[in-house]
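First the structure, in the form of structure tokens, and then the observations on it.
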Amino acid sequence: MNGSTALRVAVIGVGHLGRHHARILSALPGATLAGVVDVRAERAAEVASACGTRPFSRPEDLVGGVDAVSIAVPTAAHLDVALPLLELGIPVLVEKPLARSTAEADRLIAAAEARGAVLAVGHTERFNPAVEAAAREVSDPRFVEVHRLGTLPERSLDIDVVFDLMIHDLDIILSMVASEVASIEAVGVPVLTGRVDIANARLRFENGCIANLTASRISRERVRKIRFFQADAYVSIDYAAQEVELYRLVRRAGAPPAIEGGRMAVVHEEPLARELSDFLGAVREGRPPLVTGRDGRRALAVAERVAARMGAEA
């Protein structure tokens with residue numbers, strides 16, 4: 001694709017998250033926001049007006065007028081919205097989770113691969129500058145501890161907290177632990193809604209690494225932290241603050257071992273903007289995005305196993 005030509009991009013679903021996609025794309029260099037689509041005409045019109053673009057009511061209205069599409073509709077609609085576009089060869093970024101099930105994810109991946117279309121998945125934490133900085137220091141973690149706690153939202157209540165929140169951290173852990181998941185223990189409780197609102201999962205990897213994850217959407221405070229423990233080192237990430245702390249055990253001849261380290265330098269950037277830039281770069285350059293459809297499927301597959309274990313323990 002001609003690198004000097006602005007890519008025509010549209011957003012399908014401009015609710016809580018989709019309107020941020022539209023905001024960023026309307027100002028992103030190398031992109032033109034060609035339109036926004038929403039089942040609520042008034043919402044599409046409102047966002048279109050704010051972002052200087054056209055509102056549409058149906059995804060099919062975009063065909064022929066876009067080079068790529070970002071999809072932020074409810075998870076249940078991911079397959080129905082993304083599949084026809086991929087079958088036409090239109091590059092697509094789908095918000096996480098990629099689909100309702102790995103079976104649906106497989107259909108999206110197959111369609112993308114058949115047409116050679118880019119399929120990216122919106123695991124935004126992969127684009128968090130703090131995660132990028134920490135990843136250079138995480139080599140062989142033996143224990144991982146995660147707390148992702150949020151207050152009750154008005155969004156994503158159509159899915160369990162495992163697929164809404166925990167899947168972010170499952171993706172990060174899978175990208176940093178070079179091993180397959182051997183076994184899972186999990187418990188989940190539906191507290192305020194008809195779906196699981198708080199969950200804990202303990203993953204054991206084939207290489208012996210253990211990951212303990214807690215996710216809640218009914219907490220009184222917001223916490224988004226992950227910590228990695230490995231031989232002679234400890235790495236802590238605060239996703240929200242975009243902060244990383246690194247401590248190492250340093251051994252010097254003739255002196256007792258000492259712990260050294262502190263906060264690492266991190267240049268703060270908006271993860272979603274970095275995600276959308278990567279997606280458009282992948283489309284323009286004909287390369288895989290940072291988070292591919294297969295990456296999204298892998299995280300979804302582990303999330304399904306966590307949900308299945310919660311059911312087994314119920």
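Residues with amide H under 5 Å of A34's amide H, sequence separation 5 or more or different chain, H placed in the peptide plane at 1.01 Å from N; which?
V9, A10
Let me have the 222 nm mean residue ellipticity of the chain computed from DSSP H runs of 4+ only, each contributing -39500 (n - 2.57), with the sum over all residues rounded to the nearest 500.
Mean residue ellipticity, 222 nm, calculated: -9500 deg cm²/dmol.
Using amide H atoms built in the peptide plane, which far-off residues or other-chain residues are under 5 Å from V191 H to H?
Amide H neighbours of V191, under 5 Å, 5+ apart: D197, I198.
Based on the Cβ-Cβ distance of L192 and E245, what FRET efficiency does E = 1/(1 + (r/R0)^6) give at R0 = 41 Å, to the nearest 0.05?
Values: r = 33 Å, r/R0 = 0.81.
Rounded to the nearest 0.05, the efficiency is 0.80.
Within the stretch 124-140, name every residue whose backbone N is under 12 Å away from a label modeled 7 Å from Cα of S179 along the Cβ vector.
140
Show log10 I(q)/I(0) for the stretch 232-314 at q = 0.24 Å⁻¹, two decimals, from a solvent-free Debye sum over equal Cα scatterers.
-1.07
For a quick check of your reading of the filter: which trypsin sites (Lys or Arg not before Pro) in the stretch 198-246 sit in a DSSP loop and have no more than 10 other Cβ atoms within 10 Å?
R220, R222
Residue by residue through the stretch 130-142, which ³J(HN,Hα) values in whole Hz follow from phi under the Karplus form 6.51 cos²θ - 1.76 cosθ + 1.60 (θ = phi - 60°), with glycine and proline marked x?
Karplus values, whole Hz, x for Gly and Pro: 5, 5, 4, 5, 5, 4, 5, 9, 8, 10, 9, x, 10.
Helix 271-285 versus the longest principal axis of the chain: what angle, 0 to 90°, nearest 10, using Cα atoms?
Value to nearest ten degrees: 60.
Which value in nm describes the separation of the simple spin-label points at A41 and R8, placed 7 Å from the Cα toward the beta carbon?
Distance between the two pseudo-spin positions: 2.4 nm.
How many Å³ per residue does the convex hull of the Cα positions in the stretch 1-135 occupy?
123
Running Debye on the stretch 1-62 with equal point scatterers at the Cα sites and no solvent, what base-10 log of I(q)/I(0) appears at q = 0.12, 0.22 Å⁻¹?
Each listed q corresponds, in turn, to -0.25, -0.77.
Between R202 and R142, with labels modelled 7 Å along Cα→Cβ, what's the label distance in nm to one decimal, could you check?
1.8
Can you compute log10 of I(q)/I(0) for the stretch 135-276 with the Debye formula, treating each Cα as one identical point scatterer, at q = 0.10, 0.13 Å⁻¹?
Result of the Debye calculation: -0.40, -0.66.
Can you grab the distance from the C-alpha centre of the stretch 243-263 to the C-alpha centre of the stretch 283-314, Å, no decimals?
35
Whole angstrom only: what separates the Cα centroid of the stretch 87-122 from the Cα centroid of the stretch 9-59?
Taking the Cα centre of the stretch 9-59 as reference, the centre of the stretch 87-122 is 21 Å away.
Show me the ranking of peptides 256-266, 94-104, 80-90 by mean Cβ neighbours inside 10 Å, starting with the highest.
Taking the mean over residues of other Cβ atoms within 10 Å, the ranking is 94-104, 80-90, 256-266.
Charges on Cβ only, +1 for Lys and Arg, -1 for Asp and Glu, centred on the Cα centroid of the stretch 120-239; of V191, N212, T124, which one is farthest towards the dipole's positive end?
My answer, from the dipole projection, is V191.
How large is ³J(HN,Hα) for each residue in the stretch 45-53, as worked out from phi by the Karplus curve 6.51 cos²θ - 1.76 cosθ + 1.60 (θ = phi - 60°), to whole Hz, x for Gly and Pro?
5, 4, 5, 4, 5, 5, 9, x, 9
When the expected Rg is taken as 2.2 N^0.38 Å, what fraction or multiple of it is the alpha-carbon Rg of the chain?
Numbers: Rg = 20.4 Å, N = 314, 2.2 N^0.38 = 19.6 Å.
The chain yields a ratio of 1.04.
So what J values fall out for the stretch 7-20 if you push phi through Karplus, 6.51 cos²θ - 1.76 cosθ + 1.60 with θ = phi - 60°, rounded to Hz, Gly and Pro as x?
7, 8, 10, 10, 10, 10, x, 10, x, 3, 8, x, 5, 6
Only the coordinates and a few stated rules stand behind these numbers; no lab work does. What you are looking at is a predicted structure, and each value in this text was computed from that prediction instead of being measured. Cβ coordinates were reconstructed from backbone atoms using ideal geometry, including for glycine residues, and neighbour counts include every protein chain displayed.
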